[in-house]
């Protein structure tokens, strides 16, 4: 290349470069606490994103109206990871370094969560997971800046095994998305079930690509195995797609499916949702009878004209814990806040909860019930006869947590 | 027979049932400058394609310097010492004239697998390349992009590239096709001079009978799937069969 | 001849200038605190992706073969580093040596089949093999971590962001010089010859398939190195690295930069990454429509400047001279 | 004047193929373009047809300026082109090949239909359902001409129809050209076969190296031994 | 496996294949005439699906009539988009090298996919099946969704329609002639660029039709175009580029293959289309019904 040309190109690049630097260094201001939200805006996580965002927005609005935290306002910066771990990790880095976010809240997908927690660790910034719930985040991938306020895969898998072990089914087929969440969920289900019901036979486990929405080739395979019940570890758009498609094949009648029946999923499936399926939710507003929840639900409904989904509630709860810790630490910096978060008790919408110091896991359990139509909610089914499976009954004992944590590199 | 540089023995070829050649045989003697003529569609270019390995015959042998080359890949045949220039200009258009020739020399020297030295660094190759460009009259255009040369010069370059292989046998497919009359005779002179100087066996395809009868030692006529006639120009121009079939009867 | 040496001298001067600027860049960026650290990281990524684009251009621009499976070798390099360092405790330098080797072996196997086909069929076969490898990595959950990828690739203590940037820059400069050497060598000339006119190349005695295969392997090796470097930068390997849409990235970069020049793909790649971040910094919502911006840019290049920026620049330069 | 070509210059890429070629064809005439391979006969025809538009010069047909018009418009104005390499659509049956060429006649006097073509070439009727790709050379030549006739052109450009055909077929072809002439169709023929051309044409142009070197009636040409020797190798 | 189950799975696989055929045949047809591999075919298919979703929210989707309206309205709409694309963009690159053609269509993928995100957002959607097709049909004691039966009926109808169009009409003859010698066709008075435009529109129509059918079968989302275009490549390569009959064969092989391999191979079944595609390209690059190109 010619010398002259090169100079012009170089000059051009430098001008643009410095312009960008100027723009990006102006981006931060001292009197706000920036909260980076790595979201899964598109794809199967999209409905959840809306609920999470609604919960976060509502909380931030409330706390800012009340004067913020130590005089600083909270501000949410959103990025779309598109369910892709590499994009999520890059965004976490960008949020921390370029946007100067002090805290991160995590994505929906646990694969993205596993990638982002490493970045949070590298830069020593607190990351809160209120949706993605890989148990590995608290064990083999544990890092001290990570906090989980959602029932994790261990709690859910084992919790469902507890619930289903009381049912008569002996032959199960498992189906789930082919990534961390699906594997962990179904493995903990399997091991707990084997403990409680040695007579139960797992006929097959079918893995489906995360995000795959056409189940036509999987359902006949499921039928060929002739299970008595199916435990599905899908969530979100993928679960509603699975249920809608499985229904006309008659699979749901022959072998009821149990899975994560959160409000957004129930809303998305609408009248296609069959009655009588056993499932669980993480924070069903209609079944949690605490005074805070009543206030929250009312405010939420007034603001958004819809009922709060589990994701909104958990996001809100996570923010309660985080701000509580900031107040207690009397600081708005991750390094200080992290010291008080382990063992912190906080008054969540789901009632009094605490964060276990050893693995930064909140003692949040699951709520199990059976799908049914409800006169109160016309557009969707809810679960009735809801019973809570408390976290303490099914989460990993501290000894085991520590053993797994020591195994990580 | 045995001292022929190239012998074609009982060659047959058809395409999807259409026979192009039926049992053709002939021999090319070392050092000859000969022409192949025949009406359009008689298969002259196909014959070259068969000889150079671009096509595989259905039957028959092609013996080059005592070796049956049927089934060999074109690049292997080239390395035995048979080069070819094309009817439609066939060079490397986005490379310079010099590069066109240099890469050919490099290939002849089997030096393609040198990854380290820049190809410009070998003065020996450059010198040889300029000699060849000199001989086809393109030395002054060495650094021009070959694709934008005038048609006639591209054909010269095509011949130059073939010469750079230092072949024992050179097949020229209509070296004067598409040229203006002046260019045409220049090219003929060039071919003749190269033949005189380099002592290469040359076989060419040509339509212009003045050229054919002007410079060839021998003429072969392809027609109706066979070799219709073979002999010195004066015999061919007097051959009644050839006149009927190809040159047309007297009007 | 004289103008060749003078232009090559100018090339050296500008090359060295750019290299020196790039070497001291992080020192200035380091002064900017976190923003600087972010840009060091981005610059490192740019360097790596530039190498990836240059590796592809060995076969695309110089070889004339449109491969839609080049990311496979990039991904194989990344997974080689991730697996060796995570599961076998290899040191970084050994892992980074192994990455191009493993990628080259993969490229040799894939290429052996692919170079048998021409044009579009070649492109589709590279796509098929690329997706096949992608699927294998994707499905082999126990070995590759499937959709989750492999996280927590160790980082040697001394390799802070700046040091890793320098390491990548050094590797890039070395690779650039090697690629430059290859392009200017007899082999490079033979490859260009095949690109220009494959049929005629056979008739000057070039064993077309063999050289295409060799070129494919060399390109695969450089892609593998780039993949390994990116894996270490991100500290993870991920299936997306092998996906065909990743293969499209260096093609776009090369086209934007100019496929017939050595530095074109590197420039194109850097411009695209930079543009993406720049637009995002100017306005957040730009990231939403990034693909549209990229698509429109690509359309403009395809329709109006198929020689890329470098080609465009050369044309303007030539015209203004004459 | 049905067709008037005025000083066209045509290029393939950078190579200049036709130099100031001018020619005229009157209604009802059979005119032959004689010349060696590569002389520019096919290019002249492609230039008229719009397949390789000339850079300069004009082509007038039936009073319309057709220079640079896309081929299908030229064709619809009434010029039919029979390419040298025949270009039978290999996947289509003989009948389908003919149907593709079908266009309504602009005037009712000469109206070609499939039945009339079959009448003329009964062999084609026998082969009606055969794939075009499976025909012999002679059959293909019949088909390609018939296909063009189906468009009911006023002027037919016949590019080297006798090439590669057995003498007996060439004879049939000659009779066919005579028939076209009787029907009132104008023909511009390009040929290397001097004897054949002279027998069936009214006038001749000789093309060499992209230039028109000679033109005149057949009678004149027959007498001009010098031209015959120089350009026709006779 | 019992034979009842075998038949059941076969029918289910054929249904998959038929859906794939409708989309892939469009791709193949366009390649045959235009000689351009249209990466954006998948995006047009996706737009068809999302358009169907939007329209279904207007006509309550429970009546069969409403669904049929979708099938009548959406594909022509996609064909019109195709018209705009062909006339404004594709036409300019027919004579360019493959690389530029591929990149033009890839640029369209980037633009169209992102436009879908901007217009419809990132949420997965679905179209409610009409009541008549929401139930199931009994096949040897197993329930096969009526909707799958519907696809199994519509697919062959489309295949027959295409065959009839291509092999029994003058238009079809012209299209097939354009595959071989477009120039000659032009010289015969046929407006070849219009043939190309309309073939492209037909291809887009098929993509749109496939989109509507998919919207009723499963969830539709932003990734569906990318995923399907690669599957279509596999189909088209196996059957032979440009051959509609080949596309039918390829689709059925891949559709049934995916269904059957799921049982013994589980998640590895997804490798099958790519492995088969690579194998066919290695052994017989021009596919089952294609012709070797020189």
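Summary of computed values
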{"item": "Beta bridges by DSSP in chain B, antiparallel share as percent, to the nearest 5", "result": "55 percent"}
{"item": "Zone residues, the stretch E:167-208, relative to residue E:54, backbone N less than 18 Å from point 7 Å out along Cα-to-Cβ", "result": "E:205, E:207-208"}
{"item": "Chain A - share of DSSP beta bridges that are antiparallel (%, nearest 5)", "result": "35 percent"}
{"item": "Peptide A:85-97 - average C-beta neighbours from other chains (10 Å radius)", "result": "5"}
{"item": "Radius of gyration and maximum dimension Dmax of the stretch A:268-409, Cα, Å", "result": "17.7, 53"}
{"item": "Global form of the stretch E:107-201, assessed from the alpha-carbon gyration tensor, a/c cut-off 1.5", "result": "oblate"}
{"item": "Normalised alpha carbon radius of gyration of the protein assembly as shown [divisor 2.2 N^0.38 Å]", "result": "1.05"}
{"item": "Cα-based helix-to-principal-axis angle, A:180-196 vs chain A, degrees rounded to 10", "result": "40 degrees"}
{"item": "Antiparallel bridge percentage (DSSP; both residues within the protein assembly as shown; nearest 5)", "result": "50 percent"}
{"item": "Relative contact order for the stretch C:21-243, counting Cα pairs under 8 Å that sit 6 or more residues apart, in percent", "result": "43 percent"}
{"item": "Neighbour-count ranking [beta-carbon atoms within 10 angstrom, fewest first] of E:254, E:139", "result": "E:139, E:254"}
{"item": "Two-site label geometry, residue C:142 and residue C:312: point separation in nm, points 7 Å out along Cα→Cβ", "result": "5.3 nm"}
{"item": "Nearest 10 degrees, 0 to 90: helix A:153-164 Cα axis against chain A principal axis", "result": "20 degrees"}
{"item": "Most fluctuating residue given options C:16, C:259, C:48, as computed from a GNM of chain C linking Cα atoms under 10 Å", "result": "C:16"}
{"item": "Cα gyration tensor, the stretch B:83-239 - rounded (a/c under 1.5), prolate or oblate", "result": "prolate"}
{"item": "Convex hull volume of chain A per residue (C-alpha atoms, cubic angstrom)", "result": "166 Å³"}
{"item": "Label point at residue C:108 placed 7 Å out along Cα→Cβ; residues across the stretch C:69-86 whose backbone nitrogen lies under 18 Å", "result": "C:73-74, C:76-77, C:80"}
{"item": "Rounded Å value of the spacing that divides the Cα centres of the stretch A:276-312 and the stretch D:12-73", "result": "82 Å"}
{"item": "Cβ-based exposure ranking for D:58, A:116, C:80, E:128, in which fewest neighbours within 10 Å come first", "result": "D:58, E:128, C:80, A:116"}
{"item": "Taking C:200, D:131 and counting other C-beta atoms within 10 Å, the order from fewest to most", "result": "D:131, C:200"}
{"item": "Nearest 10 degrees, 0 to 90: helix A:236-249 Cα axis against chain A principal axis", "result": "30 degrees"}
{"item": "Theoretical FRET efficiency, 1/(1+(r/R0)^6), r = Cβ-Cβ of residue C:296 and residue B:238, R0 51 Å, to 0.05", "result": "0.10"}
{"item": "Peptide-level mean, for B:137-149, of C-beta atoms on other protein chains within 10 Å", "result": "1"}
{"item": "Shape metrics for chain D, restricted to C-alpha atoms - Rg then Dmax, Å", "result": "17.1, 50"}
{"item": "The stretch E:25-222, relative contact order in percent, only Cα pairs under 8 angstrom and at least six apart counted", "result": "45 percent"}
{"item": "Over chain D, relative contact order from alpha-carbon pairs under 8 Å, at least 6 apart, %", "result": "27 percent"}
{"item": "In nm, spacing of pseudo-spin labels at residue A:76 and residue D:220 (7 Å Cα→C-beta vector)", "result": "9.2 nm"}
{"item": "Rounded FRET efficiency, nearest 0.05, which uses the C-beta distance separating residue E:1 from residue E:138 and R0 of 22 Å", "result": "0.70"}
{"item": "FRET efficiency estimate (nearest 0.05) - Cβ-Cβ, residue E:96 to residue A:402, R0 56 angstrom", "result": "0.30"}
{"item": "The stretch E:25-222 shape via C-alpha gyration tensor axes, a/c threshold 1.5", "result": "oblate"}
{"item": "Principal axes of the stretch C:21-243: Cα extent on each, largest first, Å", "result": "60, 44, 26"}
{"item": "Shielding of C:152-158 by partner chains, average beta-carbon count, 10 Å", "result": "2"}
{"item": "Label-point gap, in nm, between residue B:123 and residue D:171 - each point 7 angstrom along Cα→Cβ", "result": "7.3 nm"}
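Here, each number is a calculation from the coordinates, and none is a lab measurement. These numbers come from a predicted model, not from an experiment. Virtual Cβ from ideal backbone geometry, glycine too; neighbours counted across all protein chains shown.
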